[in-house]
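Working notes, structure below.
The values are calculated or read from the model by the stated rules, or taken from the named source; none is laboratory data. Because the structure is a prediction, the values reported are computed rather than measured. Here the Cβ is made from the backbone with ideal geometry for all residues, glycine too, and neighbour counts use every protein chain on show. SASA here: full protein model, heavy atoms, side chains in, ligands and nucleic acids out. Shrake-Rupley method; radii C 1.70, N 1.55, O 1.52, S 1.80 Å.
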Amino acid sequence: MKASLKACDVVIFGGGGDLAMRKLLPALYHLDMDGLLAPTTRIIGASRREVTTEDYQAKIRTALDEFVPSSIGDSKTWERFKKRLSYVSVDAQQESDFVRLNDHQVGGDDRDVVFYLATSPDLFGSICSSLAAHGLNAERMRVVLEKPLGRDLVSSRAINDEVMKNFTEQQAFRIDHYLGKETVQNLLAIRFGNTLFEPLWDSAHIDNVQITVSETVGVEGRWGYYDNAGAMRDMVQNHLIQLLCLVAMEPPGRMDADSVRDEKIKVLKALRPIAGANAYTKTVRGQYAKGMIKGKEVKGYFDEEGSNPNSRTETFVALRADIDNWRWAGVPFYLRTGKRLGQRYSEIVIQFKAVPHSIFSDESNRQLQRNQLIIRLQPEEKISLTVMNKVPGASEGMNLQPVDLNLSLTEAFNDKRSPEAYERLLLDVMRNDATLFMRYDEVEAAWKWVDGIMSAWSQTSERPKEYASGSWGPAASMALPIKDGRNWHDY
Ligand code: BG6
């Protein structure tokens with residue numbers, strides 16, 4: 001990672017919350033450990049609660065014990081990190097409270113400031129207007145907006161308009177943590193750092209693309225939030241669609257924020273709308289029932305705390321997307337994601353076409369498998385290419401068998417710790433590089449497409465299909481590619 005050694009104040013609204021403790025502060029700790037924070041960079045927690053800086057530091061120490069166990073005993077890094085940490089009590093809805101940020105010298109000495117809004121999006125507008133009222137929206141100050149940015153196009157626009165009253169598009173960093181994952185960035189390196197794949201990256205050579213983000217967790221005590229969102233808004237509208245854009249976009253002229261985002265928006269605009277009857281043939285929704293995951297019995301969606309038995313919120317979605325342009329005409333992009341599935345993994349599979357004519361004997365012919373490029377994001381980060389090989393041995397004749405050429409990132413770079421997505425993204429905000437963040441036109445285009453599908457779903461009395469926890473989702477989702485004569489890639 002490139003260094004961000006310009007001094008900066010990072011102010012985290014929702015500084016005592018779950019996201020801050022689990023992800024943001026561990027990421028900042030790692031950046032400090034790797035020498036990527038300037039000596040005078042400060043981290044300031046802000047939330048309504050009255051907490052002393054000492055108590056805040058102690059809370060963070062406890063969080064690091066849990067989420068960065070390797071930090072235990074590293075007193076040198078901790079002492080340095082601790083000196084950066086302070087706390088200011090600010091009620092996000094009380095404009096007068098924001099004077100405490102001025103009292104705390106936020107942005108003093110011309111330092112850059114990152115305001116990370118790890119709060120409910122309903123508060124984004126009022127936080128931004130209170131910041132501006134206290135002179136905290138200068139050009140060198142940026143806001144990071146966590147998802148969900150609304151629950152549809154209309155609400156998303158309302159939130160965005162509020163933010164834009166006081167900050168410019170260049171100051172707004174809309175985060176999608178999937179874009180900070182190492183293998184996702186590696187997808188760009190694979191596509192645009194090699195001559196090998198790009199000539200084959202089109203409908204003449206690729207049969208279909210599959211993007212799977214499979215989780216074993218359920219709603220994890222967030223029934224209220226989750227039931228208002230569902231898998232489509234929580235995962236597809238952002239993470240899966242962003243992955244699709246990176247696979248499908250044209251090569252940008254440069255690796256900078258607007259060049260990359262200009263190409264992604266073209267893909268989003270070329271997504272064929274799914275509406276009306278198409279929503280039944282091209283999408284499948286599911287809701288998890290109880291079942292077994294890794295030998296443990298787990299609850300169904302309706303047995304979770306706070307649940308409502310009438311809910312129609314989907315915890316699983318599979319769909320077929322089509323991109324109406326020259327490069328991708330006729331190539332289906334199958335997307336699926338769900339909670340409480342059999343295995344936690346995320347991958348992108350590029351399934352190439354069959355050879356046009358096989359010269360091999362009948363027996364080998366039957367075994368001829370098509371090339372596949374698999375980009376695995378988790379649990380392990382790896383890229384593999386399946387190619388056909390001759391089985392060794394004179395007696396084998398010309399028997400062929402698929403073999404994986406594997407690039408394991410952990411093995412190839414064995415002295416390197418693979419950073420968490422938030423490390424890279426926080427560093428980029430500090431460096432003022434928005435390449436891996438979403439511009440508002442992308443968010444808007446993604447909502448338009450998703451709203452069309454959700455509106456078709458809302459017009460039916462059909463409920464999401466039940467699936468047993470620990471399975472691969474409803475049977476209908478298996479049938480989705482089968483209808484087109486294809487199959488999901490097995491994990
Ligand atoms: C979040 C969703 O954006 O991504 C969660 O709100 C989901 O519901 C999470 O569990 C998955 O992220 P990751 O990095 O664990 O795959």
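Observations
- Leading residue by the ranking (farthest from P251 (Cα to Cα)) among those in the stretch 183-204 that are within 16 Å of the ligand (Cβ to nearest atom) and surrounded by 17 or more Cβ atoms within 10 Å (Cβ to Cβ): T183
- The criterion of at least 2 residues that are at pLDDT 95 or above and within 16 Å of the ligand (Cβ to nearest atom) is met, among strands (runs of 3 or more DSSP E) falling completely within the stretch 62-147, by 112-117, 141-145.
- Every pair of residues 6+ apart whose Cβ atoms lie under 6 Å, when the first sits in the stretch 315-341 and is open to solvent by 10 Å² or more (accessible area, probe 1.4 Å) while the second is of a type in the set (F, W, Y) and more than 16 Å from the ligand (Cβ to nearest atom): R320/Y334
- Test: L25 is open to solvent by less than 10 Å² (accessible area, probe 1.4 Å), out of contact with any Lys or Arg (no Cβ under 8 Å at 6 or more places or on another chain) and assigned to a helix (DSSP H, G or I): yes
- One residue stands out in the stretch 228-242 among those that are more than 9 Å from the ligand (Cβ to nearest atom) and open to solvent by 10 Å² or more (accessible area, probe 1.4 Å): the one that is farthest from E444 (Cα to Cα), namely N228.
- Residues considered: F173, F167. Of these, the only one that is outside any helix (DSSP H, G or I) and either under 21 Å from L243 (Cβ atoms) or touching a His at 6+ places or on another chain (Cβ under 6 Å) (or both) is F173.
- When the stretch 305-337 is limited to residues that are among the acidic types (D, E) and under 25 Å from the mean Cα position of the chain (by Cα), the one that is farthest from A476 (Cα to Cα) turns out to be D324.
- Pairs linking a residue in the stretch 141-165 that is closer than 23 Å to G107 by Cα to a residue that is among the hydrophobic types (A, V, I, L, M, F, W, C) and open to solvent by 60 Å² or more (accessible area, probe 1.4 Å), with Cβ atoms under 8 Å and 6 or more positions apart or on different chains, do not occur.
- Filter result (under 19 Å from K339 (Cα atoms), in contact (Cβ under 8 Å) with a residue 60 or more places away in the chain and in a loop (DSSP other than H, G, I, E, B)) within the stretch 456-491: R463, P464, S469, G470, S471, W472, G473, P474, W488, H489, Y491
- Some residue of the stretch 243-261 being surrounded by 15 or more Cβ atoms within 10 Å (Cβ to Cβ) and assigned to a loop (DSSP other than H, G, I, E, B): yes
- Subset tally (residues that are among the charged types (D, E, K, R) and more than 21 Å from T337 (Cα to Cα)) for the stretch 269-296: 2
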